[in-house]
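One structure is given below, encoded as structure tokens.
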Amino acid sequence: DGGITQSPKYLFRKEGQNVTLSCEQNLNHDAMYWYRQDPGQGLRLIYYSQIVNDFQKGDIAEGYSVSREKKESFPLTVTSAQKNPTAFYLCASTPASFGGYTFGSGTRLTVV
Amino acid sequence: GESVGLHLPTLSVQEGDNSIINCAYSNSASDYFIWYKQESGKGPQFIIDIRSNMDKRQGQRVTVLLNKTVKHLSLQIAATQPGDSAVYFCAENYVNSGYALNFGKGTSLLVTP
């Protein structure tokens, strides 16, 4: 079955450490996105990529980095510069249109 | 004191009643709008979408209404069921940002028997 896989589902990080969240899709979608969700709030856009080897900052890119070396993969690194990283992180992908927007099941990151 | 954003607007309806969830969007240049349903701990699930050249679109048990004059979007759910209990988000496209979406804060729908 086609879909988006995010791993791990739960992640714990010590303060000062970088951590990378995985997002893989086998839908052959061109565009991929990372969103952050805090309790009781909507999703906020971190980064997005419309094609391989290209990506753009969203509204809250500070303290995050991404890469898009393969069409199927769009990993997100939460760096130590992100002051409040505890959140639910969602990855999504689309073909070159709004239709078919597909979300992963999310990674819950907790800083301990 | 209470922190803004930690308490979602909540709509409580009885099973079998119709539900109406409202959303105000921010950008008059947006041309695509979408409603999502999110259950606790899961990713958002597509419900229905609408383009700016339409003012109404119907799906199975759901209807989306778009009023561009006042930048307002609503989701109507007919014969609400307990399985409809979730948080509902509206989203609009970011203009000139590919297909990235700008999400609202959400409304919690609680269906009581």
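Taken together, the values in this text are just the output of simple stated rules run on the coordinates, not laboratory data. What you see is a predicted model, and the numbers here were worked out from it, not measured in a lab. Positions of Cβ are generated from backbone atoms using ideal geometry, with glycine treated the same way; all protein chains shown enter the neighbour counts.
Near B:Thr112: Cβ cut-off under 12 Å, other residues only, Lys/Arg at +1 and Asp/Glu at -1. The net charge is -3. Taking every DSSP bridge with both residues inside the protein assembly as shown, close to 90 percent are antiparallel. In order along segment B:101-113, the phi-based Karplus estimate (6.51 cos²θ - 1.76 cosθ + 1.60, θ = phi - 60°) of 3J(HN,Hα) comes to 10, 9, 8, x, 7, x, 10, 8, 9, 10, 9, 9, x Hz; Gly and Pro are listed as x.
How many angstrom separate the Cα center of segment A:36-71 from the Cα center of segment B:88-103? Going from one Cα centre to the other spans 13 Å.
State, as an integer percentage, the relative contact order of segment B:30-105 based on alpha-carbon contacts under 8 Å between residues 6 or more apart.
That works out to 31 percent.
Here chain B carries DSSP beta bridges of which approximately 85% are antiparallel, counting only pairs with both residues inside. A P(r) calculated from all alpha carbon pairs of chain A, with 10 Å bins opening at zero, reads 15, 51, 29, 5 percent. Semi-axes of the equivalent ellipsoid of segment A:48-112 are 22, 14, 10 Å, computed as sqrt(5λ) over the eigenvalues of the C-alpha gyration tensor in descending order. For the charge dipole of chain B, defined by +1 on Lys and Arg C-beta atoms and -1 on Asp and Glu C-beta atoms about the Cα centroid, which residue among B:Asn27, B:Phe89, B:Val64 has the Cα displaced farthest towards the positive pole? Among B:Asn27, B:Phe89, B:Val64, the one farthest towards the positive end of the dipole of chain B is B:Asn27. The value obtained for the protein assembly as shown, namely the Cα convex hull volume divided by the number of residues, is 139 Å³ per residue. Bridgeable lysines around B:Lys105 (alpha carbons under 26 Å apart, same-chain partners fewer than 8 residues away excluded): A:Lys9, A:Lys57, A:Lys83, B:Lys37, B:Lys42, B:Lys56, B:Lys68, B:Lys71.
Treating each Cα of segment B:37-113 as one equal point scatterer and applying the Debye formula with no solvent, the log10 of I(q)/I(0) at q = 0.15 Å⁻¹ comes out as -0.58.
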